[in-house]
Amino acid sequence: MNIHPVAYFHSPLTSKFGIPRQSGLAEELVGTIVLEPEYRREEAVRGLEAFDYLWLIWEFSANPHEQQGLTVRPPRLGGNERVGVFASRSPFRPNRLGLSCVRIDKVEIGENGPVIHVRGADLMDGTPIYDIKPYVAYADSHPEARSGFVDKKVWKPLFVEIPQTLSKHFTENELAGLKQVLSQDPRPRYHDDAERIYGMPFAGWDVRFRVADGVVTVVEVHRN
């Protein structure tokens, strides 16, 4: 089966570094789904406005390397312990396909067809999307379900400090999304150097920050 993108995702996050490790962790992070020309017709999204969430099937397009082996090291386990690839949501997969649940903000119909505005996506800017399906609560929600190693590793978001002199570069929505992305600690799990400065592109800016004692402090912001 040959599959082709039905849409592409657009986000303020333009590199792998900083992408939330799961959808819904940064609920204020906004993005748009722009359909490919053959699907830019209003009937393609007719009825979508009655749903709150979407499932996106997409490609880990920034991971060009073929998957090696049958085990991976999930960040939630510190990046050291291995589990089977099919017992994880690692981006290093046999077919490089991702699955994300995102909240619909609005469906906008314009001159170039429908644009779907969403929140909470864990997709990089430019990610190809292969299918879009509505989230249906009675079939998709299982609040009593076990979640394997995730249940055993409680994750606590970091506190984020952005001085007003730097936060002024962002809109209110961008700032809310940036804070949630940083609170998830974008660093590799094996990094723990309080003096190290990290850089992350966001909404056209290079955001520089450090992490110490559970606090993310943004120290510089420069235009990319």
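How much accessible area per residue does the chain have, in Å², with a 1.4 Å probe? Could you put the intermediate results ahead of the total?
Values: 13440 Å² over 224 residues.
For the chain, the solvent-accessible area averages 60 Å² per residue.
Only bridges with both residues in the chain count here: give the DSSP antiparallel percent, nearest 5. Don't jump to the answer; show the numbers that get you there.
Working: 45 of 48 bridges.
Antiparallel bridges: around 95 percent, rounded to the nearest 5.
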| task | With r as the distance between the Cβ atoms of Glu195 and His222 and R0 = 22 Å, compute the FRET efficiency 1/(1 + (r/R0)^6) and round to 0.05. | result | 0.65
| remark: Cβ-Cβ cut-off under 13 Å around Asp213, Lys and Arg +1, Asp and Glu -1: the net charge is -3
| query | Of the GluC sites (Glu not before Pro) in the stretch 19-99, which ones lie in a loop per DSSP and count no more than 16 other C-beta atoms within 10 Å? | reply | Glu27, Glu28, Glu66, Glu81
| Counting only residues 5 or more places away or on other chains, whose amide H sits under 5 Å from the amide H of Asp105 once H atoms are built in the peptide plane? | His117, Val118, Arg119
| If the cut-off is 20 Å between C-alpha atoms, which lysines fall inside it for Lys156, apart from same-chain ones fewer than 8 positions away? | Lys179
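For the chain, what % of the accessible area comes from carbon and sulfur atoms, probe 1.4 Å? Don't jump to the answer; show the numbers that get you there.
Working: 6630 of 13440 Å².
Heavy-atom surface of the chain belonging to carbon and sulfur, 1.4 Å probe: 49 percent.
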| query | Which loop-located GluC sites (Glu not before Pro) does the stretch 147-197 contain, where loop means any DSSP state but H, G, I, E or B and the Cβ has at most 13 other Cβ atoms within 10 Å? | reply | Glu195
| Using the Cα atoms as the points, what is the convex hull volume per residue of the stretch 22-87 in Å³? | 163 Å³
| task | Taking all protein chains together and a probe of 1.4 Å, list Ile116, Ile132, Ile3 from the most accessible to the least accessible. | result | Ile3, Ile132, Ile116
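Count neighbours as other Cβ atoms within 10 Å of each site's Cβ, and list the chymotrypsin sites (Phe, Trp or Tyr not before Pro) in the stretch 156-224 that are DSSP loop with at most 12 such neighbours.
On the way: sites: Phe159, Phe170, Tyr190, Tyr198, Phe202, Trp205, Phe209; in loops: Phe170, Tyr190.
Loop-located and lightly packed - Tyr190.
The values are calculated or read from the model by the stated rules, or taken from the named source; none is laboratory data. The structure displayed is predicted, hence computed values, not measured ones. Don't worry about glycine lacking a Cβ; one is built from the backbone with ideal geometry, like all the others, and counts go over all protein chains shown. Quick note on the areas: whole protein, heavy atoms, side chains included, nothing else; ligands and nucleic acids left out. Shrake-Rupley method; radii C 1.70, N 1.55, O 1.52, S 1.80 Å.
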